Amino acid sequence: MVSPLAPALLERGAGAQSQPTAAPSTAAQVLPSAPQDPAFQVLPLATQLKGNRPKSNPTVLPPAATVLPPDLRLLQAPLPLALPNKPNQVAIRELRPLGLSASLTLAEVNNPNLRALAIQVQQAQSALRAQIALWYPQLNFRAGSFPAYTGGQQYSNGLTGTGQEQGLSLSSIWRMSADLEASWALINPSRSPQIAAARDQFEQAKNQYLIGLRDLRLQVSEAYFNLQQADEQVRIGQESVRSSQVSLRDARARFQAGVATKLEVLQAETQLARDQQLLTNALYGANSGSGTPGQSIARRSLAALLSLPQDVTPTAKDPSRVIGTWLPTLQESIVAAYAFREELDQIILDISVANSTANAELAKVQPFLNIVNTLSGGRSDGYAFVTQPIPNEQGWNVDNTVGLNVSWNLFDGGQSKAQYRRQKQVAEASRYRFAQRRDAIREEVEKSFYELEANNRNITTTSREVLSARESLRLARLRFQAGVTTQREVVDTQRDLTQAEVRYSNAIADYNKGLASLQRRTGLDQISICPAPSLPPNKPVVMGATDVPVEVQPLVPACQAKFRPTTTAVPSLAP
């Protein structure tokens, strides 16, 4: 199945390079004497393809789920600040089989990192709205005395021009005053650069959300494929243990009949111990040769990405198989990655933010003009400094002032110009980071593409190896039962089959992870889904092997292992 959105996106990314431009590119100006050979092509600039301030385009990616379907609502993530404090709260009570699509839905709804990125988009939008408010007038209310009381007394005894004066003066006044000031910045040179920088940062936050969504889907896909690989390793380990138990049973029977030696029994026991170790590693530890975690670790790693309830562990519902075929060519994949990777847009926006910040720094030494209107009012009630009682006096006042305020920092020691140059240098450095990221994106796409081809070939070769090893083991068992060969041949052939099945399982998992990686690195979804295999309703039974139960080995403390290193000195071979 091919995504209907992908061909249009690829056409847009490939056709953008052929659009005519009105102004000559900087590269052409740097190379005025470029040859007219058609093989010589001057590459278009990213600003010509994407613009100086590219906007986030959420349509290039299927939107994230916001609500869980009814069958998954019981797997809602715990509250962000929830913290278990009892062992029974983290005890696993349910093994929940999940498919890849259900796992992606759970991650998009539950994952805390993605939800934090969504909140950061809202934060950037609020910051942009705060900068846009600079275009609006400001209205301030101030009340210094609301109300204020003044009371006191004064006693005087001294000579004045009219003679001896003596008396007591009292004051008792209630005052109330308030100012209402309206101001509007008519000229603010730093306003537009600050709004432009905030708008670019808002676009960066939206791009960062898309990047986080792409990364989350890749991580969930890889974790799910790792879980499928671990389940397959467990199956291989169980089959190997069954096969070793059959070999050990046959070796003991032949030894008791007197047609085999004790050495063959010991070889069968040794191979059984090896296969039991393989099964243990597949269940709990790292799978040998693959680097993937064991089944228990893989399940909990997926549970952490999905932010499942503390008592639920996911299991892989779908079997491990090839999910599809990558349709675009290598060249189409590279061009699509250049067109749809938000990381490149982020660097272009970094350049725009640095230029806007540089203009804002330079605006600090430019004139600012504000219109201000101040309305003041007050009221008083009381008396003051009287020598005899008089009636209370009341008064009020209203003042209105309108004017222009001008501020101009004529000289700041060159600080603004230095900060301007610094931000321009930041923008210049970002241009080289764009080139570095562009080359890294191509390397990532090529690496994933070639690894996918290698894994595709590995699936073919390892599948033939598995079929040959199975037939070899069957013939070796027949030869051993007929007394033609020894137990060593059976053991070696069985080990070859186990290793072949492990390599085949690893090849499938690596191929699926390579497909998911190419989807992440290119932004495309052009995958031809493989048809589901036609399987019988019942699992085939191989007589003599599948009917052997795999016994659970008891956990013995390491200090009680039977083997002890000997201290017997090795005899010297020197004469």
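No value in this document is a laboratory result; all are computed from the given coordinates. Note that the structure is a prediction, hence the values are computed from the model and not measured. Neighbour counts run over all protein chains shown; Cβ positions are idealised from the backbone, glycine included.
Listing for the model above:
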| quantity | calculated |
| --- | --- |
| Potential lengthening between ARG464 and VAL312 on full extension [0.36 nm per residue; Cα-Cα distance subtracted] | 50.8 nm |
| Simple label model, 7 Å out from Cα along Cβ direction - ASP399 to GLU453, nm | 8.5 nm |
| Fully extended contour minus Cα-Cα distance, from ARG437 to SER126, at 0.36 nm per residue | 109.0 nm |
| Calculated FRET value between ALA429 and SER172, using beta carbons and R₀ = 60 Å, to 0.05 | 0.30 |
| Spin-label pair GLN89/SER192, simplified geometry with 7 Å Cα→Cβ offset, distance in nm | 5.7 nm |
| Cα-based reach from LYS364 at 26 Å (exclusive), listing lysines while leaving out same-chain residues under 8 positions away | LYS417, LYS424 |
| Difference of contour (0.36 nm per residue) and Cα-Cα distance, GLN331 to ASP179 | 47.8 nm |
| Gyration tensor verdict on the range 84-138 (Cα atoms; rounded if a/c is under 1.5, prolate if a/b is larger than b/c, oblate otherwise) | oblate |
| Dipole of the range 62-123, positive direction: furthest Cα of ALA102, LEU81, GLN123, with charges on the beta-carbon | LEU81 |
| The range 178-238-the range 452-504 distance, computed between alpha-carbon centres (Å) | 49 Å |
| Radius 11 Å from Cβ of SER376, net charge of other residues (Lys, Arg +1; Asp, Glu -1) | -2 |
| Sites GLN256 and ARG235 - FRET efficiency at Förster radius 30 Å, r taken between beta-carbons, to 0.05 | 0.40 |
